[in-house]
Amino acid sequence: MSEVYFPKRWWLSPLLFTLALVTGVVIVCKVSDTAREVLAKAVMMVAGALATPFILESSIAIVGLVVVLVINQWRLQKEGDGWVYLAKTEPDAASVTAGADTPPQRLDSVVMPSAPDANLDFGARLAVVEGYVELGLAQEAMDHLKMLSPEEQRDPRAMALRTRVESL
């Protein structure tokens, strides 16, 4: 998907055009009585048409929708899209056959604002394995243990975790 580039002051040219148009209409109305009368009649006809029951409600709803969309776009530009990464709650088939349960609410509170860092320190990677063990996900825990380097796998904490995983 290609990104569309908007200059920082994209609103300046429409504003200048609107100011020039209003200035031109004001000057013409000051100079010509006929233009003033035509403009007054046009404004009264448009106001009368907009004041009819169905058109009034529809136009207010459309204007309200446009205001909400403009505010939302401004907020998205300012704060970002709010993308989050959610943890997966489905264990693999081997863990399910081993008796792991899959309660839907077990990871509901796990919301990460950015993708997890692949270069976690050793303690954090062991904590991930411990989390899988606590959830009863033996296959995921074993996969993470296999990702450890050979020296890290010889660490007593990693060996204790491997024993716990194998006993699941």
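Summary table
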quantity: Condition met for Thr89 (at pLDDT 90 or above, surrounded by 10 or more Cβ atoms within 10 Å (Cβ to Cβ) and out of contact with any strand residue (DSSP E or B) (no Cβ under 7 Å at 6 or more places or on another chain)); calculated: no
quantity: In region 3-47, the residues that are more than 27 Å from Ser59 (Cβ to Cβ) and open to solvent by 100 Å² or more (accessible area, probe 1.4 Å); calculated: Glu3, Val4, Tyr5, Phe6, Lys8, Arg9, Lys30, Val31, Asp33
quantity: Of all residues in region 100-146 being more than 20 Å from Ala160 (Cα to Cα) and open to solvent by less than 60 Å² (accessible area, probe 1.4 Å), the one that is modelled with the highest pLDDT; calculated: Ala100
quantity: Every pair of residues 6+ apart whose Cβ atoms lie under 8 Å, when the first sits in region 139-150 and is within 19 Å of Ala93 (Cα to Cα) and in contact (Cβ under 8 Å) with a residue 40 or more places away in the chain while the second is open to solvent by less than 40 Å² (accessible area, probe 1.4 Å) and among the polar types (S, T, N, Q); calculated: Gln139/Ser95; Glu140/Ser95
quantity: Residues of region 48-64 satisfying the condition of being open to solvent by 100 Å² or more (accessible area, probe 1.4 Å) and aliphatic (A, V, I, L, M); calculated: Ile60, Ile62
quantity: Single residue of region 146-168 satisfying the filter (of a type in the set (Gly, Ala, Ser) and part of a helix (DSSP H, G or I)) that is farthest from the chain's Cα centre (by Cα); calculated: Ala160
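The values are calculated or read from the model by the stated rules, or taken from the named source; none is laboratory data. Predicted, not measured: the structure shown is a model, and the values here were computed from it. Cβ sites come from the backbone with ideal geometry, for glycine too, and all protein chains shown count toward neighbours. Calculation scope for accessible area: heavy atoms of the full protein, side chains included, ligands and nucleic acids excluded. Shrake-Rupley method; radii C 1.70, N 1.55, O 1.52, S 1.80 Å.
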